[in-house]
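A.B. asks: After the structure tokens below, expect a handful of questions from me.
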């Protein structure tokens, strides 16, 4: 028995009648089942010969032969007559039951390709089952439900969002550093700010002077600041980026040059004067034993602005070597630099730094670091 379930067929199923221009209107009974919304379609079988469980009779069946004889006796032109009004025989209507159609469930049934009917079945009948198959459970990784390109887009969105966040933090910190450094919107200095304070300290010390173009290089470049912040986020992913940004101590940097013979005394004198100006010492790093970099770096906190800054102490020679190896230093700390090139650059730094003479008494200046620095 062939049945039509709810929603299996589209609302307008193509007619099996030939398009010959003749009037094929059906004059038999049409049954409508109240409440079910179903209406039986036209059939060329007499209503009294069809039961609820009947199967369409082949023409070789005696009942079919009798029906054909009755149709032959109808007057020409009658809708059920096999003859047109002029007496000519109507074309034979193809009987779909003369063809073998595969039935799903049959062991020999093999689906070749999805049809419009199959698509409609999926839309109207299999929604619950389809939803059950597609809905991820708590044990499923959501990424398994996404095509590879979707995951790549999501990763790209996440990376771009992180870059936007780091960019925003960089802009905020850069603005705070500019204000703390002391220059106004036109690049001019007044009495307040770190650079004017460094100039006053320079004028008060007997041993030491600020490096050339201090004002030009006091502020770290924005791009370099953001690169450094990204490196810190990569090293400590569980720590908030804005907290890491506050730990960058060289957003503002100053360098004092001290003659080699007065180096140790000059470092102590300048350190004392910085503290007198209400700057808090957070750390001292004596790198004169380092084979790639020579000098002393100190970290400070400006209580007025809340900004940390760095002060380096060099001899003329160590400062010149630092300038010469600066590009190598940048490339060494660039994650995109190949390992082989990075090692070559380190060797280059060691070779040049080995030529720097140690100032007397520098070994008596010890490392120091406050908690949280």
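The values are calculated or read from the model by the stated rules, or taken from the named source; none is laboratory data. None of the values given here were measured: they were computed from a predicted structure. A quick note on method: Cβ atoms are made from the backbone with ideal geometry, for glycine too, and the neighbour counts reach across all protein chains shown.
A.B. asks: Looking at the stretch 176-202, which of its residues are under 40 Å from the mean Cα position of the chain (by Cα), in a helix (DSSP H, G or I) and either within 19 Å of residue 277 (Cα to Cα) or modelled with pLDDT of 95 or more (or both)?
C.D. replies: Scanning the stretch 176-202 gives 177, 179, 180, 181.
A.B. asks: I've got another one for you. Working carefully through the options 308, 358, 342, 299, find the one that is surrounded by 13 or more Cβ atoms within 10 Å (Cβ to Cβ), assigned by TED's automatic domain parsing to the domain that holds residue 246 and in a helix (DSSP H, G or I).
C.D. replies: Numbers: 308 fails: in a helix (DSSP H, G or I); 358 fails: in a helix (DSSP H, G or I); 299 fails: in a helix (DSSP H, G or I).
342 is the lone residue from the list that is surrounded by 13 or more Cβ atoms within 10 Å (Cβ to Cβ), assigned by TED's automatic domain parsing to the domain that holds residue 246 and in a helix (DSSP H, G or I).
A.B. asks: When you go through 173, 233 one by one, which is the residue that is in a helix (DSSP H, G or I) and under 24 Å from the mean Cα position of the chain (by Cα)? Working first, answer last.
C.D. replies: Values: 173 fails: under 24 Å from the mean Cα position of the chain (by Cα).
Exactly one residue qualifies, and that residue is 233.
A.B. asks: Please go through (1) farther than 23 Å from residue 183 by Cβ; (2) crowded, with 20+ Cβ neighbours inside 10 Å for residue 261 and return the number of the only condition it doesn't satisfy.
C.D. replies: (2)
A.B. asks: Going by what's in this entry, would residue 270 be described as in contact with a strand residue (DSSP E or B) (Cβ under 7 Å, 6 or more places away or on another chain), buried (at least 17 other Cβ atoms within 10 Å of the Cβ) and not in a helix (DSSP H, G or I)?
C.D. replies: Values: in contact with a strand residue (DSSP E or B) (Cβ under 7 Å, 6 or more places away or on another chain): yes; buried (at least 17 other Cβ atoms within 10 Å of the Cβ): yes; not in a helix (DSSP H, G or I): no.
Answer is no for this residue.
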